[in-house]
Amino acid sequence: MGKYLNPKTVSFEEALNSIIYVDKTEMIQYINSVLKTKQKYMCVSRPRRFGKTMATDMLCAYYGKCESRHLFEELKIAKLDNWDKYINQFDVVKVVMTDFIKEGKDISKGLEKMSERILDDLSEEYTDVKYDSEDLFYSMDKFYRKSGKQFVIVIDEWDVAFRACKEDKDGQKLYLDYLRDWLKDQEYVALAYMTGILPIKKYGQHSALNMFDEYSIITPMQLAPYTGFTEAEVKELCDQYNMHYEDIVSWYNGYVVSTEIPVEMRDKYRMGTYDDKDIPIYSPLSVVKAVSTGVIQNYWNKTETYGALADYIKMNYDGLKDSVALLMDGVRIKVNISKYQNDMTSFNGSNDVLVMLIHLGYLGYDTETKEVFIPNMEIMDEFKNSTESEEWTPTFTSFKKSQELLAATWDVDEEKVARILEWFHDFAENKTYNSEAALSYAIQMAYYAGQKYYTTIQELDSGKGYADLVYLPSPKNPDKPALLIELKYNRTVEVADDQIRRKEYLQKLEHYKGNILIISVNYNKDVKSDDYKHHTCRIIKG
């Protein structure tokens with residue numbers, strides 16, 4: 001027994017002895033099913049505070065050679081068939097990577113030190129084995145062949161190389177190669193279980209650790225019920241501690257994960273009658289703090305580095321700040337999770353930052369609609385704290401103006417619409433339009449608050465021409481009028497009106513008849529006045 005080889009069960013016992021312990025031992029049944037199979041490589045990524053380390057302590061206590069049966073006999077796992085098949089049957093090696101890889105330090109030296117420490121523990125356990133002190137992988141194979149015991153290898157904070165050493169690309173590749181050589185196709189591995197915040201790092205479309213199955217906050221698969229606290233677990237805690245469940249829901253709920261679909265339920269799923277695929281989950285630490293103290297508040301910033309969220313959203317990749325304003329207004333934004341490279345530096349636009357914020361726990365993700373959103377009041381509080389600085393003033397000022405523009409449009413206030421469009425023209429860095437296309441882009445920016453209610457269609461084909469901009473109400477907002485916007489540059493609103501009717505744009509919107517606003521906008525660059533008369537607007541109900 002040692003610090004790294006078959007560590008003592010103290011950490012798991014402390015969890016069991018805590019005032020609040022939520023039993024997640026049933027997850028062992030699934031892990032037993034993949035043990036010693038091709039699916040034995042598991043990478044479990046979660047935000048901080050979601051129980052990753054507690055799970056590693058539990059697995060070490062269950063699989064390691066320290067006697068632990070008595071710890072599990074009263075827990076949920078013991079009620080399952082054949083629950084003790086693998087209890088205390090393996091040599092467990094557990095490492096916390098933050099002990100060896102640190103910011104500003106050489107990654108290779110950290111890995112060397114880790115190898116030395118593991119080999120030191122192994123040599124004390126198996127004193128009669130001759131091993132190579134400079135080759136962990138070869139030596140572990142020798143120890144395995146001597147003892148007949150395969151290893152369960154548990155790695156906590158596996159992604160520290162990408163969080164603490166963000167710019168050390170060579171060191172990161174060295175680290176991934178090390179893990180691959182240590183774990184992949186090695187006979188001595190019965191299970192490799194890694195936890196971290198980030199999924200496995202990609203290079204292009206590939207990964208050095210492609211043998212791992214990913215159980216992330218986005219796709220936790222069979223581990224979905226163990227991702228956070230479930231509704232049933234939270235309700236039980238609320239009953240036990242005399243808390244109002246509705247208050248806990250609004251403050252700490254909002255994350256939804258998708259679990260596997262049982263074989264016998266797949267016909268129902270295909271018919272759209274299976275409702276148990278999505279599981280609401282709660283942030284465990286926040287719930288525990290709230291029910292144990294009786295105080296519902298933001299506990300997130302007690303565990304996260306202050307300003308972490310602000311550091312990322314202030315990057316403002318291709319309008320990220322505007323996206324944040326929309327999210328804070330309750331809008332859901334589509335993202336492409338496949339493009340994110342699973343690190344904290346390779347950002348190719350706002351999409352990548354938004355996906356990273358899912359993994360950090362700052363955003364929820366809807367797997368059906370592929371949209372991100374702010375999940376609850378606690379996280380909203382974090383966004384508010386992170387956007388209080390003066391640099392956010394222009395963003396929220398323009399967003400408020402966009403909301404005013406939308407309201408003025410609905411009110412058919414032509415003068416106010418023209419005035420606000422002029423404001424956006426003056427607000428923009430490039431204050432000169434040079435075409436209808438440029439004008440179209442500016443109008444879309446002015447109406448960006450409308451994403452809460454509308455789907456935007458550019459160049460809608462009517463068969464006789466193309467309507468410049470159409471805003472169709474989302475299914476959640478059927479009461480809102482459809483908006484048909486025709487733009488002219490150095491012409492007149494009358495010309496725009498005539499084109500709408502002559503090219504029969506409204507026929508494409510027959511479904512919205514009686515609830516359409518036809519908006520004609522003209523920009524005259526030759527107007528010399530200092531007022532808003534550069535823009536003219538006409539709104540007609542259709």
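Rule-based calculations on the coordinates, nothing more; no lab input. Here the structure is a predicted model, which is why all the values come from computation and not from measurement. Don't worry about glycine lacking a Cβ; one is built from the backbone with ideal geometry, like all the others, and counts go over all protein chains shown.
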Residue separation times 0.36 nm, minus the C-alpha to C-alpha distance between V129 and K105: what's the value? 5.4 nm
Hey, with R₀ at 25 Å, roughly what FRET efficiency would Q403 and H244 work out to, going by the Cβ-Cβ distance, to 0.05? 0.15
Does a label point 7 Å from the Cα of F396, set along Cα-to-beta-carbon, have any residues of the stretch 321-353 with amide nitrogen under 19 Å, and which are they? 321-331
Output ordering of 181-194, 121-134 (per-residue mean of other Cβ within 10 Å, highest first) is 181-194, 121-134
With θ set to phi - 60°, apply the Karplus curve 6.51 cos²θ - 1.76 cosθ + 1.60 along the stretch 517-524 and write out the HN-Hα couplings as whole Hz, x wherever there is a Gly or Pro. 10, 9, 10, 9, 10, 10, 10, 10
For the stretch 258-274, Karplus-derived ³J(HN,Hα) couplings (6.51, -1.76, 1.60; θ = phi - 60°; whole Hz; x for glycine and proline) come out as 9, 9, 5, 9, x, 4, 6, 9, 6, 5, 5, 5, 5, 8, x, 10, 9
Under a point spin-label approximation (7 Å from Cα along Cα-to-Cβ), what is the E13-N385 distance to one decimal in nm? 3.6
Taking 32 Å as the cut-off for C-alpha to C-alpha distance, list the pairs among K36/K277; K321/K488; K65/K289; K142/K173; K85/K142; K113/K289 that go past it. K65/K289; K113/K289
Under the rule rounded for a/c under 1.5, else prolate if a/b exceeds b/c, else oblate, using alpha carbon gyration tensor axes a ≥ b ≥ c, the stretch 229-297 is classed as prolate
So, by mean Cβ neighbours within 10 angstrom, what's the order for 167-173, 536-542, 358-364 with the highest one leading? 358-364, 536-542, 167-173
Which angle from 0 to 90°, rounded to the nearest 10, does the C-alpha axis of helix 414-427 make with the longest principal axis of the chain? 50
FRET efficiency for K166 and E510 from the Cβ-Cβ distance with R0 = 41 Å, rounded to 0.05, comes out at 0.15
Test of understanding: what is the full-extension gain from E73 to K38, defined as 0.36 nm times their sequence separation minus their Cα-Cα distance? 9.7 nm
Quick one: angle between helix 350-359 and the longest Cα principal axis of the chain, in degrees between 0 and 90, rounded to 10, please. 40
What's the long-distance tail for the stretch 305-388, i.e. % of Cα pairs beyond 22 Å? 14
Express in nm, to one decimal, how much length is gained between K334 and T456 on full extension, taking 0.36 nm for each residue of separation and deducting their alpha carbon distance. 42.6 nm
Do any of K38/K149; K3/K40; K8/K52; K3/K24; K102/K166; K24/K184 go past 20 Å between their Cα atoms, and which? K3/K40; K3/K24; K24/K184
FRET E, pair S292, N524, Förster distance 51 Å, beta-carbon r, rounded to 0.05: 0.20
